[in-house]
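Asks: First, the structure itself, so that you have it in front of you.
The values are calculated or read from the model by the stated rules, or taken from the named source; none is laboratory data. Everything numeric here is computed off the predicted structure, so don't read it as measured data. Cβ coordinates were reconstructed from backbone atoms using ideal geometry, including for glycine residues, and neighbour counts include every protein chain displayed.
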Amino acid sequence: MHMNIQQGGIFELINVEEPTTFTSSVEANELNVRESATIEGRLNAPYITNSGVLSIHSTLETQELVNDKKGRLFVEENVIGSKVSNEGLIELKKDLKAEHIESSGEIISSGRIEGQTLSFEGSFKVKDIRAERLDFILTDDCEASSITANDIKVDAKRQALIFKDNDHLLKVDHIDGGTIYLENVIAELVRGDEVTIGPNCTIKILEYTKDYKLDNRSDVLELGKITRD
C-alpha cells in the first residue's frame, strides 16, 4: 500500500484518506483520519475525528476529540483537551487531562486520567484516575492503581430488568472520595465520607468519616471510622 509522506506545518483542514506520515509537528483547525496517520512530532488541532489509526509521537492538544468505534489512537506524550469521546481504543504513554471524558470503548494508560466528569461504559486499564465526578458502568474487566474523586459511582452492567452482570470486575488498589457507591469492585482500600458498598464487592479495608452501608453479598475485612486531616 502506498504511503504518503509529507512535512508537517500549519493547515486549516486535513482529511487523511490514505496512509500518511507527517515528518514534523502539525497544527490544524480540523483533522479527520479515515486511514492511518503518523505524526512524528506534536499535534495541535481543536477538532479531531478518528476512525482509522492515529499515532502521535509527542503531545496532543485539542478541544474536541472523537475516537470512533473503528478508531485506534496512540499518543507518546501528554494529551490535553476539553472533551474526549471514545468508542474505539485509546492507548497513552503519559497523562490525559480533559474537562469531560466519555468512553464506551477501551482506554489503556501508563499515566494519569484527569477530568471534571468521567463517564466510562467500557474497558480501562490505567494507573491513576482523578476527577470531580466519576460514573462507571462495568461492561468488561477494568483495572486502576488509584481512583480519587468527590463523587464516585461504579455500577455493574444490567443484563436484564432485574439481574446484573457479576462477571466483570473493577480491580483497584486505592479509592478515595466523598460520596462513594460501588458494585463489582475488588479493592485494597476504600476511603470516603459517605460510602455504600453494593453487591459483589471484596474490600480489604473500608474507612469512612460520616456513614457507610454494606450489602450482605459483599465482604469487608476491616472497617473503621476516621477523621480527615
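Asks: Quick one: what pairs do we get from the stretch 46-71, first residue under 19 Å from ILE101 (Cα atoms), second surrounded by fewer than 16 Cβ atoms within 10 Å (Cβ to Cβ) and among the aromatic types (Phe, Trp, Tyr), C-beta under 6 Å, 6+ apart or different chains?
Replies: Every condition considered, the pairs that remain are GLU64/TYR47.
Asks: As an exercise: evaluate SER24 against (1) assigned to a loop (DSSP other than H, G, I, E, B); (2) in contact with a Leu (Cβ under 9 Å, 6 or more places away or on another chain) and give the number of the one condition it does not meet.
Replies: Tallying (1) assigned to a loop (DSSP other than H, G, I, E, B); (2) in contact with a Leu (Cβ under 9 Å, 6 or more places away or on another chain), SER24 fails exactly one: (2).
Asks: Consider PHE74 against the criteria (1) out of contact with any strand residue (DSSP E or B) (no Cβ under 6 Å at 6 or more places or on another chain); (2) assigned to a strand (DSSP E or B): it satisfies all of them except one. Which criterion is unmet?
Replies: (1)
Asks: Does SER55 count as among the hydroxyl-bearing types (Ser, Thr, Tyr), assigned to a strand (DSSP E or B) and under 15 Å from the mean Cα position of the chain (by Cα)?
Replies: Details: among the hydroxyl-bearing types (Ser, Thr, Tyr): yes; assigned to a strand (DSSP E or B): yes; under 15 Å from the mean Cα position of the chain (by Cα): no.
Criteria not met by SER55.
Asks: May I pose another question? Of the conditions (1) within 20 Å of ILE197 (Cα to Cα); (2) free of Cβ contacts under 8 Å to residues at least 24 places away in the same chain, VAL126 clears all except one; give me its number.
Replies: Exception for VAL126: condition (1).
Asks: Right, here's the next one. Six or more apart or on different chains, Cβ under 8 Å: which pairs go from a residue in the stretch 170-189 that's buried (at least 22 other Cβ atoms within 10 Å of the Cβ) to one that's of a type in the set (Phe, Trp, Tyr) and modelled with pLDDT of 95 or more? Could you list them?
Replies: Partner pairs satisfying both residue conditions: LEU170/PHE136.
Asks: Kindly list the number of the only condition in (1) within 24 Å of GLY198 (Cβ to Cβ); (2) touching a residue at least 24 places away in the same chain (Cβ under 8 Å); (3) out of contact with any Gly (no Cβ under 7 Å at 6 or more places or on another chain) that fails for ILE113.
Replies: (2)
Asks: If you don't mind, another one. Those residues that are closer than 14 Å to LEU65 by Cβ, of a type outside the set (S, T, N, Q) and surrounded by fewer than 21 Cβ atoms within 10 Å (Cβ to Cβ), I need them from the stretch 9-51; list them, please.
Replies: ALA28, GLU30, PRO46, TYR47, listed by residue number.
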